[in-house]
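Asks: What follows is a single structure, and I will ask about it in a moment.
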Number of protein chains: 2
Amino acid sequence: MGTTGHEPAPEPKYWHLRTVLLRAIDSEFATGEVIPNERELAARFGVARATLRQALDQLELEGRLVRRRGIGTLVAAPRTAVPVRPAEESWPGTEDAAWRIVGCTTAAPAPKLAEALGIPADEPVHTVRRVRSTGGQAVGTEVLHVPDSAVPHLPGFAADTGRGRSVLRQLQRLELAGESRAVELGVAEAEEARLLQRPPGTPVLVVTTQYAAGGRIAALAVSTYRADTCRLTFGETGLVEVAPVGAALSEVRTAS
Amino acid sequence: MGTTGHEPAPEPKYWHLRTVLLRAIDSEFATGEVIPNERELAARFGVARATLRQALDQLELEGRLVRRRGIGTLVAAPRTAVPVRPAEESWPGTEDAAWRIVGCTTAAPAPKLAEALGIPADEPVHTVRRVRSTGGQAVGTEVLHVPDSAVPHLPGFAADTGRGRSVLRQLQRLELAGESRAVELGVAEAEEARLLQRPPGTPVLVVTTQYAAGGRIAALAVSTYRADTCRLTFGETGLVEVAPVGAALSEVRTAS
């Protein structure tokens, strides 16, 4: 630590086996196929059952294998590609049927939120909550904060999801000057976990987006995506799909 | 699972405490500050030591707290912002002193790599390995695959890092037509772990980038960044730094 030299990192036995197994899965099995049982695998690779189980646990954790009771261990489906940055920059909610509004509240912001938005502590903020689904499965949640002064023409009477829709519509009338994003690893908080139907603490990719318009931050979105099933995609060359070359393809990562 | 309804997710006791602790840390302590010891914290929040320890373990795992022997538990430094997508799209290696070439090999590609690059199975591929450092600490690794036909004017004699530099220079003379990226969660493979000076299996953010030029994939990069210490940033509005509003700021994610 603290130096730039290359000290050898220890490679545990189960980890070596995990890598060997991963290559075997990549080359011999298709998605949804059942791999041989533990006894057969232990014999084939000449390892103890305990080591094998550790390697299988690791591959399950990585979303490469799925254990199904009464069936066995299957090769997991590849992660779902979730386009985060469309070809054209756009406001949230534009032409996107994947997102569903689940709530909207209006309140004075928490101090750090006011700071992040660059607004006075007493300016109301509209907070729209949305859920993103793919194939009937919730894969992402979003909290979108919009200062009242950015959307001054809201109908006063609309409440909750109706107000949420109004906030998005008002945003879409502004000229988007630019957006910046950060992606990092996080864990699902209670409300996010509930919407994703996963236990709190589930690993998520957290995407923070600032939308700029008229020389200010007009909206701030914090989205969380299930890290086990999602791959976020940004831009497209239009040549080929980025899909098959991610964390999954160790062959491409480690090929000499 | 499989429905879009909202079933309540269970919130374990330690998880609730973790969230309460996180808010206390955010509002009362600065980076590097030592928080009260376990006895004091357990008394303040009225919880058992075992529950408290579980919550502290979780916050350490999330990179929010750091335990230092003989000192105590400190508030961790925020994650390092790593700009992944510069304002202008560019070839890898352009004007970027953060990356250091650690090796270059030339060989026939593995079948999946040939497929991903859209080249014949027998076309040689140059593979440049690089390490990215921030403040003397390795934070990222990269494997950059470049088909020989994309860089036909390499000097034949250069080997290893010299050849790597030639590959990058040749790439930079091509006109970049576009790039597409995918970000997902992965684990450090043996060689990546060695370069990052972490144990194999360390969580990493895996960024796969396709560079297009002349109607083809001219380069394919797979980069891995330490998930505990890195936040990847994409584009800039130029208004404010995205930095302070990530996974760290639960206040902004959960504020009503």
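Read-outs throughout are calculated quantities, based only on the coordinates presented, and are distinct from any laboratory measurement. Since this is a predicted model, take the numbers as computed values, not measurements. Here Cβ is always computed from backbone atoms with ideal geometry, including for glycine, and neighbour counts include all displayed protein chains.
Asks: Tell me which residues come under 5 Å, amide H to amide H, from residue B:178 once H is placed; ignore anything under 5 positions away on its chain.
Replies: Correct list: B:212.
Asks: Taking neighbour Cβ counts within 10 Å as the exposure measure, how do A:112, B:13 sort from fewest upward? Each step should come with its number before you reach the end.
Replies: Details: A:112 18, B:13 13.
Ascending number of Cβ neighbours within 10 Å: B:13, A:112.
Asks: OK, next. Stretch residue A:13-residue A:60 to full length: gain in nm at 0.36 nm per residue minus the Cα-Cα span?
Replies: Values: separation 47, 0.36 × 47 = 16.92 nm, distance 1.72 nm.
Residue separation times 0.36 nm, minus the Cα-Cα distance, leaves 15.2 nm.
Asks: A further question on this structure: Using a label point 7 angstrom from Cα along Cα-to-C-beta, what distances in nm, from shortest up, separate residue B:118 from the other copies?
Replies: Here the equivalent label points are 4.0 nm apart from this one.
Asks: With a ≥ b ≥ c the root eigenvalues of the C-alpha gyration tensor of region A:13-75, is it rounded (a/c under 1.5), prolate (a/b larger than b/c) or oblate?
Replies: Working: a/c = 1.41, a/b = 1.29, b/c = 1.10.
Rounded is the answer for region A:13-75, as its axis ratio a/c remains below 1.5.
Asks: Right, here's the next one. Using the 10 angstrom Cβ neighbour count as an exposure proxy, how do A:122, A:57 rank, fewest first?
Replies: By the 10 Å Cβ count, ascending: A:122, A:57.
Asks: Could you check the spin-label model distance between residue B:153 and residue B:106? Points 7 Å from the Cα along Cα→Cβ, value in nm.
Replies: Spacing of the two 7 Å Cα→Cβ label points: 1.6 nm.
Asks: Still on this model: Taking each label point as 7 Å beyond Cα in the direction of the beta carbon, state the distances from residue B:106 to the same residue in the other copies, shortest first, in nm.
Replies: Counterpart label points of residue B:106 in the remaining copies fall at 6.7 nm.
Asks: Name the chain B residue with the Cβ nearest the axis that maps B onto A: which is it, and what is the distance in angstrom?
Replies: Rotation axis B onto A, closest Cβ, rounded to whole Å: B:183, 3.
Asks: Of B:15, B:99, how do they rank once you tally other Cβ atoms within 10 Å and put the fewest first? Kindly include the intermediate steps, with their values, before the conclusion.
Replies: Values: B:15 22, B:99 19.
Listing B:15, B:99 from fewest to most nearby Cβ atoms yields B:99, B:15.
Asks: Mind listing which GluC sites (Glu not before Pro) in region A:31-65 are in a DSSP loop and have 16 or fewer other Cβ atoms within 10 Å? The partial results should precede the final answer.
Replies: Values: sites: A:33, A:38, A:40, A:60, A:62; in loops: A:33, A:62.
The qualifying sites are A:33.
Asks: Additional query: Mind listing the label-point distances from residue A:44 to the same position on all other copies, shortest first, one decimal in nm, points 7 Å along Cα→Cβ?
Replies: Output for residue A:44: 5.4 nm, nearest copy listed first.
Asks: Amide H of residue B:139 versus every other amide H placed in the peptide plane: which residues, excluding those fewer than 5 positions away on the same chain, fall under 5 Å?
Replies: Long-range HN contacts for residue B:139: B:132, B:133, B:134.
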